[in-house]
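Data first, discussion second: the structure below is written as structure tokens.
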Amino acid sequence: DAPANGKDCTRFDLEKETELRFEVEAGEAAEQVELELLSGLAEVFGSELNRNKKYVFGPGSKIAVFTWQGCSVNLHGKPEVAYVSKDTPMLLYLNTHAALEQMRKQAERENERGPRVMVVGPTDVGKSTVCRMLLNYAVRVGRRPTLVELDVGQSGVSVPGTVSALCIERPADVEEGFSVQAPLVYHFGSTTPGTNIKLYNKLTSCLAEMFSQRCEVNRKASVGGCIINTCGWVKGSGYQALVHCASTFQVDVVLVLDHERLYNELKRDLPHFVRVVLLPKSGGVVERSKECRRDTRDEKIREYFYGFRGVSYYPFSYEDDTQLKLVPVTPGRDLTYHVLSVSSVDDGDEGARKSIVEIPVCGFIVVTFVDTQTQVMKVLSPAPRPLPRHTLLIMDIRFMDMK
Ligand code: ATP
């Protein structure tokens with residue numbers, strides 16, 4: 001264990017088809033760990049390592065260095081854990097890639113579209129990692145697959161609370177992951193699909209529609225197909241969202257990680273031509289606590305504003321005058337008894353130079369009941385239906401009709 005650059009250094013000699021797993025301690029004060037390939041060939045989640053290059057992993061990283069042929073590596077620094085495992089499902093994952101590649105070849109020959117693959121399973125089974133590997137293997141053989149990210153809690157593409165699609169043009173950087181250039185991102189607004197499952201399904205359909213449109217004009221994208229990463233919520237509406245996704249994307253293959261019941265349910269509920277495959281999870285996947293997930297989310301947002309590793313951004317800070325601005329409100333129960341002004345703005349005025357606050361009102365109504373399920377509200381109004389205008393402004397003032 002010769003200390004290099006003042007850090008501890010441990011050498012690992014790996015036999016073929018084994019992996020070195022290590023974790024870097026979490027927390028700001030934690031020391032980074034450096035990885036160096038000395039001889040042989042090795043990869044990290046499907047991205048090949050260059051020899052004699054030092055790869056730096058920051059706090060909280062959980063990494064597996066896998067070798068098909070055998071290799072020697074050095075770890076500099078003090079990983080929280082580091083051990084070699086012979087027991088990995090990598091061969092099954094590689095076979096899965098080989099089967100998908102066959103489908104792409106066939107698509108090429110027969111002028112069809114390539115495989116659309118959905119990766120599902122509960123939390124912490126390595127879904128994102130399997131997606132990354134399959135995308136890496138595909139791009140390494142010259143394909144241009146698309147990553148569809150539906151995990152609103154832990155998005156690999158954009159900030160949390162979004163769903164997105166990203167065309168993969170080169171393998172993921174070993175340290176930083178896929179280069180995120182020009183992703184297609186939709187706002188969802190929450191870290192769990194359950195907050196608004198209708199919107200979640202709608203956005204899934206929007207992504208499917210956009211992807212299909214791209215496939216029509218881009219043959220490489222069509223043959224490359226897509227790999228869809230999903231949320232770990234696999235029961236109730238979460239399960240229905242998976243079925244919806246399979247249908248709207250017209251997926252050909254579903255990879256179920258480590259969940260036999262989910263596998264059986266999907267086999268039962270999806271059309272017979274969809275291939276549903278059960279795959280084991282890797283013993284290396286590390287369970288992440290609530291705090292750890294929250295930290296990862298914070299980090300993603302921080303990165304968006306301040307940059308990542310070598311790249312620093314300098315965000316601006318300014319005050320926005322909200323006192324003259326209106327915000328749309330979804331009627332909720334807390335709207336009950338509020339007095340609302342009926343603005344005289346008409347559709348033609350909208351987007352015109354005058355803001356709604358500068359336009360007179362033509363009357364008032366009081367909300368007497370809100371049905372949040374159907375999004376219908378009952379109102380007290382001096383005029384018969386329908387309301388002359390539909391732009392309503394909420395007052396702080398409430399009125400209870402006691403008479
Ligand atoms: P989520 O619950 O967020 O959907 P997931 O199922 O997508 O999680 P991953 O994000 O793929 O899981 O993996 C969880 C963590 O385990 C990641 O930090 C990843 O780097 C790590 N990991 C995955 N596979 C291995 C492995 N073979 N050895 C060591 N660490 C691994």
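The values are calculated or read from the model by the stated rules, or taken from the named source; none is laboratory data. These numbers were taken from a predicted model, which means no experiment stands behind them. Glycine gets a Cβ as well: all are built from the backbone with ideal geometry, and neighbour counts include every protein chain shown. Accessible surface is based on the protein model in full, side chains and every heavy atom, while ligands, DNA and RNA are left aside. Shrake-Rupley method; radii C 1.70, N 1.55, O 1.52, S 1.80 Å.
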**Request:** Over the stretch 51-197, calculate the relative contact order: mean separation of alpha carbon pairs under 8 Å at least 6 apart, over the residue count, as a percent.
**Result:** 16
**Asked** Which whole-number percentage describes the relative contact order of the chain, with Cα contacts under 8 Å and a sequence gap of 6 or more?
**Response** 13
**Prompt:** What share of Cα pairs, in percent, lie more than 36 angstrom apart in the chain?
**Reply:** 39
**Complete:** The summed charge of the SER282 Cβ neighbourhood (under 12 Å; Lys/Arg +1, Asp/Glu -1) stands at 0
**Asked** For the pair VAL141 and SER344, how long in nm is the line joining their label points, each one 7 Å along Cα→Cβ?
**Response** 7.0
**Message:** Just to check I understand the Karplus step: with θ = phi - 60° and J = 6.51 cos²θ - 1.76 cosθ + 1.60, what whole-Hz values come out for the stretch 155-165, glycine and proline as x?
**Reply:** 6, x, 9, 10, 6, x, x, 10, 10, 7, 9
**Prompt:** How about the stretch 1-103: which GluC sites (Glu not before Pro) there lie in a loop by DSSP and see at most 13 other Cβ atoms within 10 Å?
**Reply:** GLU15, GLU28
**Prompt:** Rounded to the nearest whole Å², what accessible area per residue is found for the chain with the 1.4 Å probe?
**Reply:** 56
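Going highest first, how would you order 151-162, 368-379, 82-93, 273-284 by mean Cβ packing within 10 Å? Don't skip to the answer; put the middle values down first.
Numbers: 151-162: 20.2, 368-379: 12.4, 82-93: 14.8, 273-284: 16.9.
Ranked from most to least packed, the peptides come out as 151-162, 273-284, 82-93, 368-379.
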**Euclidean distance between Cα centres, the stretch 115-148 to the stretch 239-276, Å** = 16
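Summarise the accessible area of the chain (1.4 Å probe, protein heavy atoms) by the percent that is carbon and sulfur. It would help to have the intermediate numbers written out before the result.
Values: 11590 of 22760 Å².
Carbon and sulfur atoms account for 51 percent of the accessible area of the chain.
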**Request:** List the GluC sites (Glu not before Pro) within the stretch 195-301 that fall in a DSSP loop (any state other than H, G, I, E or B) and whose Cβ has at most 12 other Cβ atoms within 10 Å.
**Result:** GLU287
**Prompt:** How large is ³J(HN,Hα), in whole Hz, for each residue of the stretch 383-388 in order, when computed from phi with the Karplus curve 6.51 cos²θ - 1.76 cosθ + 1.60 and θ = phi - 60°, using x for Gly and Pro?
**Reply:** 10, x, 5, x, 5, x
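In the neighborhood of VAL84, defined by Cβ-to-Cβ distances under 11 Å, what is the net charge if each Lys or Arg adds +1 and each Asp or Glu adds -1?
On the way: positive: ARG21, LYS86; negative: ASP13, GLU15, GLU19, ASP87.
Here the charged neighbours net out to -2.
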**Fill in**
Once ARG11, ARG116, ARG389 are ranked on solvent-accessible area with the largest value leading and a 1.4 Å probe, the list reads ARG11, ARG389, ARG116
**Request:** Please list, in chain and number order, the residues 5+ apart from GLU17 or on another chain whose amide H is under 5 Å from its amide H, with Hs placed from the backbone.
**Result:** THR67, TRP68, GLN69, GLY70
